[in-house]
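Quick notes on the structure that follows.
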């Protein structure tokens, strides 16, 4: 275990206890920083440092319970493990009610102490990872436009971003987004009426044709038709009369 995994901030007014616990934890690979009192810990603590607190309950000046209250006032979220030789039910209940991670009595088994401290460090790492993920989500949300936030609110409420499909048997279909928000979700302008639909379809066909052939196929088709010789009105009448006489002759 290294500093990246977290540090045990050991607070005890007894130098012998501090030295023995520091030696024990260092031999087990746990990073430790000792303090003689709670005031010095609060003055030097950096919230960005991961870790947990292992504190004595009865100390001159600020006690272990008062340390918990001071951390709450400063909105410092760090697991606190209380270790004392003068434990009773009322004191343990008060410590746990104030948010202590665990309450241990001296003398403590070394394996149990290490297990509690490693669990406290793991909880602190998980909390910090969740806070970092939440901060990233908040930064992304701040970059959304007002329109995108409206769409996100509808989606979070269970509305469909796309056009509603046939629901599964026994499952109610989620309501679709309002037309204006659905159009914004697709990133394209809204067709306000049916009369505009053919125009939009023709534009989409023209765009697809240009991408496929590299030129405007509609204008090319018009130019191709204009090259054909056009018949006059008289010529069309003569052709129709000829076809009629031919049909009469065949019937006779």
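By the gyration tensor of its Cα atoms, with a ≥ b ≥ c the square roots of the eigenvalues, what is the shape of region 86-145: rounded for a/c under 1.5, prolate for a/b over b/c, or oblate? The shape class here is oblate.
The relative contact order of region 4-102 comes to 27 percent, based on Cα pairs under 8 Å that sit 6 or more residues apart. With an a/c value of 1.5 or above and a/b not larger than b/c for the gyration tensor axes a ≥ b ≥ c computed over the alpha-carbon atoms, region 1-81 is described as oblate.
Which of the three applies to region 7-140, rounded, prolate or oblate, going by the alpha-carbon gyration tensor with a ≥ b ≥ c and a/c under 1.5 meaning rounded? Walk me through the numbers before you get to the answer.
On the way: a/c = 1.68, a/b = 1.42, b/c = 1.18.
Because a/c hits 1.5 or more and a/b exceeds b/c, region 7-140 counts as prolate.
Using mean Cβ contacts within 10 Å as the protection proxy, how do 32-39, 149-156 order, highest first?
The most tightly packed comes first, giving 32-39, 149-156.
FYI, it's all coordinate maths here, none of it is from the lab. Note that this is a predicted model, so its numbers are computed, not measured. Backbone-built Cβ (ideal geometry, glycine too); neighbour counts: all protein chains shown.
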